[in-house]
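A.B. asks: Just passing along the structure, written as structure tokens.
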Amino acid sequence: MLQESHAFNWDDLKVFLAVARTGTIRGGAESILINHTTLTRRLSLMEERLGSRLFDRSKQGLALTQLGEDLLPYAQRVEEEMTAASRVIVGRDAQPSGTVYLTLPHGLAMTSIMDDLAAFADLYPDITLNMNFTNDVADLTRREADVSLRVAHEVSDDVVGRKLVQMSQAAYCNKDYAARIRDNGGEGLHLIGWHEPEGDLTAKWVKESCYPKAQLRHRVSELVPLITLAASGLGMAYLACNIGDRHPGLMRAPFQKPLPYRNLWLLLHRDLRNTARVRLFVDFLADRVTTRKNEFWVMGTES
């Protein structure tokens, strides 16, 4: 039985959803950017008002009680309505000012797109860019961002999307390493790749590359070390051409043709199509990138 006529409000439900999704107090607090002590207090007050627990506590974390399970779909629907209302309000903004929230993968920070962002900021001084560089896919329907740049083969979200360009990739190395490459077999050479099963000196993508006899000897977990190690002479690394071609310490390895890679997408939620600052940003960036298609899609790439 509820202890008050108003047992909880939207802020209460945000706390409840954050904990339900992460399974811990600390994880829930981090996801909604509040102190974990504050979240603990608010959750306790919410359960006190309800007169019943929403979570069972254990060493493994927090699990929903039956009441929590019953409440969850209602809280999710409230969240959907609140984010939809937020999109409508933002979508009616007709002034080219304010903030555009952009997410994009780390790798694009090493491309000419950074020049585009600087040019846009110079052209529209009343618009602020809030940029989140992450390899996680932003959920635009929940307003995790206004606009998203995504590198992917296809996009299936409920968003308005433009495929800006098809990208190419090639193997890159430094000048000294390139001098060791005698043919397109790659025997005796090394590729730097992403983490693979330990002890496995090859992989399907190596066999399908331009150097099928090369060994996948070295592995990394992040793009920046991959690029830096290739420039240091550790081996060859496959990179998007619009990244590899810009690095002063790298060159395309000889005896190869660039291969097709993924597409570069520019995405936004359909409710934001008529927001002035978002429309300006999307149109500006799309125009700049598509006029430089040759940076992304290299002539001679096999399709």
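A.B. asks: If I build a Gaussian network model for the chain, linking alpha-carbon pairs within less than 10 angstrom, which residue out of ASP287, ASP136, ASP70 has the largest mean-square fluctuation?
C.D. replies: ASP70
A.B. asks: Answer with one residue from MET46, ILE32, GLN66: the one whose Cα lies farthest towards the positive end of the charge dipole of segment 10-91, charges on Cβ with Lys, Arg +1 and Asp, Glu -1.
C.D. replies: Of MET46, ILE32, GLN66, it is ILE32.
A.B. asks: Another question, then. What is the spin-label model distance, in nm, from VAL160 to LEU33 if the labels are put 7 Å beyond Cα along the C-beta direction?
C.D. replies: Placing both labels 7 Å beyond Cα along the Cβ direction yields 2.5 nm.
A.B. asks: Could you tell me which label, among (1) 79, 51, 29; (2) 51, 45, 42; (3) 68, 44, 38, carries the value of Cα extents along the principal axes in Å calculated for this structure?
C.D. replies: Answer label, from the structure shown: (1).
A.B. asks: Can you work out the FRET efficiency for the pair ASN294 and MET114, with r the C-beta to C-beta distance and R0 = 22 Å, to the nearest 0.05?
C.D. replies: Details: r = 18 Å, r/R0 = 0.83.
After rounding, the FRET efficiency stands at 0.75.
A.B. asks: Something else about it: For Cα pairs less than 8 Å apart in space and 6+ apart in sequence, what is the mean separation divided by the residue count of segment 169-303, i.e. the relative contact order in percent?
C.D. replies: This gives 32 percent for segment 169-303.
A.B. asks: Of LEU108, PHE16, HIS190, which is farthest along the charge dipole of the chain in the positive direction, counting Lys and Arg as +1 and Asp and Glu as -1 at C-beta?
C.D. replies: Value computed over the given set: HIS190.
A.B. asks: Please turn the phi angles of segment 260-267 into ³J(HN,Hα) values with the Karplus equation 6.51 cos²θ - 1.76 cosθ + 1.60 (θ = phi - 60°), one per residue in order, whole Hz, x for glycine and proline.
C.D. replies: x, 10, 8, 9, 9, 10, 10, 10
A.B. asks: Taking the Cα centroid of segment 48-119 and of segment 163-232, what is the distance between the two, rounded to the nearest whole Å?
C.D. replies: 38
A.B. asks: What ranking, highest mean first, results for peptides 236-248, 57-69 when packing means the other Cβ atoms within 10 Å averaged over each residue?
C.D. replies: So the order, starting with the most tightly packed, is 236-248, 57-69.
A.B. asks: Continuing with this model, one more query. For the chain, find the longest principal axis of its Cα atoms and tell me its angle to the long axis of helix 36-50, 0 to 90°, nearest 10.
C.D. replies: Value to nearest ten degrees: 40.
A.B. asks: Another one. Give a quick list of trypsin sites (Lys or Arg not before Pro) in segment 253-287 that DSSP marks as loop, anything other than H, G, I, E or B, with at most 14 other Cβ atoms within 10 Å.
C.D. replies: For trypsin sites (Lys or Arg not before Pro) across segment 253-287 that sit outside H, G, I, E and B with at most 14 neighbouring Cβ atoms in 10 Å, the list reads ARG273.
A.B. asks: On to the next question. Would you grab the residues whose amide H sits under 5 Å from the one on TRP194? Only those 5+ places off in sequence or on another chain, please, with H modelled 1.01 Å from N.
C.D. replies: Result for TRP194 returns VAL220.
A.B. asks: Give me the net charge of LYS213's neighbourhood, meaning all other residues with Cβ under 12 Å from the Cβ of LYS213; Lys, Arg count +1, Asp, Glu -1.
C.D. replies: Taking every Cβ under 12 Å from that of LYS213, the sum is 0.
A.B. asks: Still on this structure: How large is ³J(HN,Hα) for each residue in segment 11-18, as worked out from phi by the Karplus curve 6.51 cos²θ - 1.76 cosθ + 1.60 (θ = phi - 60°), to whole Hz, x for Gly and Pro?
C.D. replies: Ordered by residue, 3J(HN,Hα) equals 4, 4, 5, 4, 5, 4, 5, 4 Hz.
A.B. asks: Quick one: which residues, 5+ away or cross-chain, put their amide H under 5 Å from the amide H of TYR261? H built at 1.01 Å from N.
C.D. replies: MET167, SER168, GLN169
A.B. asks: Compute, for segment 96-303, the length of the dipole vector about the Cα centre, with Cβ point charges of +1 (Lys, Arg) and -1 (Asp, Glu) only. Units Debye, rounded to 20.
C.D. replies: It comes to approximately 480 debye.
A.B. asks: Build a GNM of the chain with springs between Cα atoms under 10 Å: which of THR275, THR24, THR228 gets the top mean-square fluctuation?
C.D. replies: Looking only at THR275, THR24, THR228, the biggest GNM fluctuation is shown by THR24.
A.B. asks: Could you point to the residue in TYR124, VAL220, SER97 farthest towards the positive end of segment 96-303's charge dipole, with +1 and -1 charges on the Cβ of Lys/Arg and Asp/Glu respectively?
C.D. replies: Working it through, the farthest residue towards the positive pole turns out to be VAL220.
A.B. asks: Pairs LYS175/LYS204; LYS175/LYS257; LYS213/LYS257; LYS207/LYS257; LYS204/LYS293: which exceed 23 Å Cα-Cα?
C.D. replies: Pairs exceeding the cut-off: LYS175/LYS204; LYS204/LYS293.
A.B. asks: Now, a different point. Order these peptides, 111-118, 125-132, 163-170, by their mean beta-carbon neighbour count within 10 angstrom, highest first.
C.D. replies: Output ranking for 111-118, 125-132, 163-170: 163-170, 111-118, 125-132.
A.B. asks: Convert each backbone phi in segment 223-231 into a coupling constant with the Karplus relation 6.51 cos²θ - 1.76 cosθ + 1.60 (shift: θ = phi - 60°), then list the ³J(HN,Hα) values in order as whole Hz, x for Gly and Pro.
C.D. replies: 5, 4, x, 4, 5, 5, 5, 5, 5
A.B. asks: What 222 nm value per residue comes from the helices of the chain, counting each DSSP H run with n ≥ 4 as -39,500 (n - 2.57) and dividing by all residues, nearest 500 deg cm²/dmol?
C.D. replies: Calculated from helices alone, the mean residue ellipticity at 222 nm is -11000 deg cm²/dmol.
A.B. asks: Using Cα pairs under 8 angstrom and six or more residues apart, how large is the relative contact order of the chain, in percent?
C.D. replies: 21 percent.
Bear in mind these aren't lab numbers, they're just calculated from the coordinates by the rules spelled out. Keep in mind the model is a prediction, meaning the values are calculated, not measured. When we count neighbours, we look across all protein chains shown, and the Cβ atoms used for this are built from the backbone with ideal geometry, even at glycine.
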